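What follows is a short report on a single structure.
The values are calculated or read from the model by the stated rules, or taken from the named source; none is laboratory data. Everything numeric in this text was worked out from a predicted model, so none of it was measured. Please note: Cβ atoms are built from the backbone with ideal geometry, for glycine as well, and neighbour counts cover all protein chains shown.
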Amino acid sequence: MDVVTGIALATCYMASLVATGLVTRPELKESQALVAAAVEAYKREKVAPFVPSVLLGFSTTRFGGGLSGTPDSFSGRYDVDARMVWETRNMGLAEGAARRHRNAQIQQATFTKLRIMDQVAQEVAEAHVQTVIRQQQVRIAESAILSAQDSYRRNMDRIRDGQGLPIEALQAIQALEASQRAYLCAVANHNRSQVTLQWAQGWPVNVPQDNSIARE
């Protein structure tokens, strides 16, 4: 694989990670809902002067002293009220200001959504880079263990042949122990970086794969 092909594949893989984060992060779903709510509020504001408010009322009671003239003569009474009210603020002069206010809320919600999208993309990219670096450190640590093991075998062979010193074998053992500790730390850091990448993507391992990126 040449360098150009490797860079292209890495770019495509990074784009897929970012796309997954844009789908699954709850912050983006919240911002999308806020944008939709602001748009609906703006639509209602445009037709608000022409849509009346309907008020319905219902009341019931009993009245005594009917036509019979006796005090124990009671009968029921039911009243139903309906009213329609049109509202114009400041004789209609404030309607334009109200619509501009709603439009400003749409723009603010949209800018907030774009800011969160940039933040998610940055967090996913940084987490992916850390994962790649930690993976390289694991490979380096594995190579160091192999070198330390080879050095230990060589020193033991020299001691058996009467050419080496015990101090040399002890140094090889210490180097092997240090390389194993470094490998353990590298694996732990790599695992943490993978968890961070999953968090940056919104834990896609628990999300169904039939989701699509929300668009306006």
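Out of segment 100-126, which residues are within 16 Å of the chain's Cα centre (by Cα), aliphatic (A, V, I, L, M) and loosely packed, with under 15 Cβ neighbours inside 10 Å?
Answer for segment 100-126, where residues must be within 16 Å of the chain's Cα centre (by Cα), aliphatic (A, V, I, L, M) and loosely packed, with under 15 Cβ neighbours inside 10 Å: just LEU114.
Taking VAL47, is it closer than 30 Å to PHE111 by Cα, β-branched (Val, Ile, Thr) and at pLDDT 80 or above? Give the derivation first.
Values: closer than 30 Å to PHE111 by Cα: yes; β-branched (Val, Ile, Thr): yes; at pLDDT 80 or above: yes.
In short, yes.
Each row is one residue, and each column tells you yes or no for (1) over 25 Å from PRO204 (Cα atoms); (2) touching a helix residue (DSSP H, G or I) at 6+ places or on another chain (Cβ under 7 Å); (3) not charged (D, E, K, R).
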site: ALA8; (1), (2), (3): no, no, yes
site: THR11; (1), (2), (3): no, no, yes
site: ALA15; (1), (2), (3): no, no, yes
site: GLY21; (1), (2), (3): no, yes, yes
site: LEU28; (1), (2), (3): no, yes, yes
site: ALA36; (1), (2), (3): no, no, yes
site: GLU45; (1), (2), (3): yes, yes, no
site: PRO49; (1), (2), (3): yes, yes, yes
site: SER53; (1), (2), (3): yes, no, yes
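How many residues are at pLDDT below 85 and within 22 Å of ALA182 (Cβ to Cβ) if we restrict to segment 156-171?
Looking only at segment 156-171, we keep the residues that are at pLDDT below 85, and these are 157-169.
Imposing the further condition that a residue be within 22 Å of ALA182 (Cβ to Cβ) reduces the set to 168-169.
Residues that pass the stated criteria total 2.
Evaluate the following for GLY202: is it at positive phi and either out of contact with any strand residue (DSSP E or B) (no Cβ under 7 Å at 6 or more places or on another chain) or in a helix (DSSP H, G or I) (or both)? It would help to see each step written out before you state the result.
Working: at positive phi: yes; either out of contact with any strand residue (DSSP E or B) (no Cβ under 7 Å at 6 or more places or on another chain) or in a helix (DSSP H, G or I) (or both): yes.
Judged against the criteria, GLY202 is a match.
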